[in-house]
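The values are calculated or read from the model by the stated rules, or taken from the named source; none is laboratory data. Please read these numbers as outputs of a predicted model, since none were measured by experiment. Surface areas here come from the heavy atoms of the whole protein model, side chains and all, with no ligands, DNA or RNA. Shrake-Rupley method; radii C 1.70, N 1.55, O 1.52, S 1.80 Å.
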Amino acid sequence: MDDDVMIEINAGLQQHIGGDRAGARVRFTALWERIGEDGDPLHRCALAHYMADVCDDPAEELAWDLRALAAADSLTDERAQAYHATLAVRGFYPSLHLNLGEDYRKLGDFAEARRQLALAGDKVDALGDDSYAEGIRAGLKALAERLDEPSQ
């Protein structure tokens with residue numbers, strides 16, 4: 001399915017990956033103003049997920065990651081698969097909880113970071129055996145190691 005908003009979100013992601021973090025933030029902000037808090041859950045989930053990555057302030061990053069999680073909670077597999085046939089909402093959660101765990105770690109809330117890490121670990125079986133899943137599993141391991149450091 002052609003989805004102009006997802007195309008724009010992906011363009012912003014590519015802009016960020018290409019090194020234009022500030023430009024991606026401007027693009028994402030304008031998109032958020034268009035779709036808003038009550039927009040399509042897939043759009044809100046994807047956009048908030050990527051917006052968090054272009055935030056400098058950990059509290060702001062957390063706020064965007066919480067928006068992404070809330071959007072995922074209202075997203076159906078039917079809607080996700082209308083965009084891409086292979087998507088299942090349960091596969092979004094390991095990454096969403098990983099990001100929240102990292103946010104809470106940055107903010108010094110190690111108990112909540114560990115709780116988010118456990119939630120991600122409980123849902124990791126929703127992932128396949130591809131490079132995306134490997135990246136999420138590596139991220140979970142790295143977060144666990146950071147949380148196990150003596151200063152934590």
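Take the eigenvalues of the Cα gyration tensor for the stretch 88-132, scale each by 5, and report the square roots as semi-axes in whole Å, largest first.
In descending order the semi-axes read 21, 9, 8 Å.
When the gyration tensor of the stretch 1-88 is built from Cα positions, what are the square roots of 5 times its three eigenvalues, in whole Å, from largest to smallest?
Working from the Cα gyration tensor, I get semi-axes of 21, 15, 11 Å.
Among 35, 9, 17, what's the order by accessible area (1.4 angstrom probe), most exposed first?
17, 35, 9
Residue by residue through the stretch 95-106, what is 3J(HN,Hα) from phi via Karplus (6.51 cos²θ - 1.76 cosθ + 1.60, θ = phi - 60°)? Round to whole Hz and write x for glycine and proline.
Values per residue, Gly and Pro as x: 5, 4, 6, 4, 4, 4, x, 5, 4, 5, 4, 4 Hz.
Could you state how much accessible area residue 37 has, in square angstrom rounded to the nearest 10, with a 1.4 Å probe and all protein chains kept in place?
Ignoring ligands and nucleic acids, residue 37 comes out at about 100 Å².
For the chain, restrict the atom set to alpha-carbon positions and state the Rg and Dmax in Å.
15.3, 49
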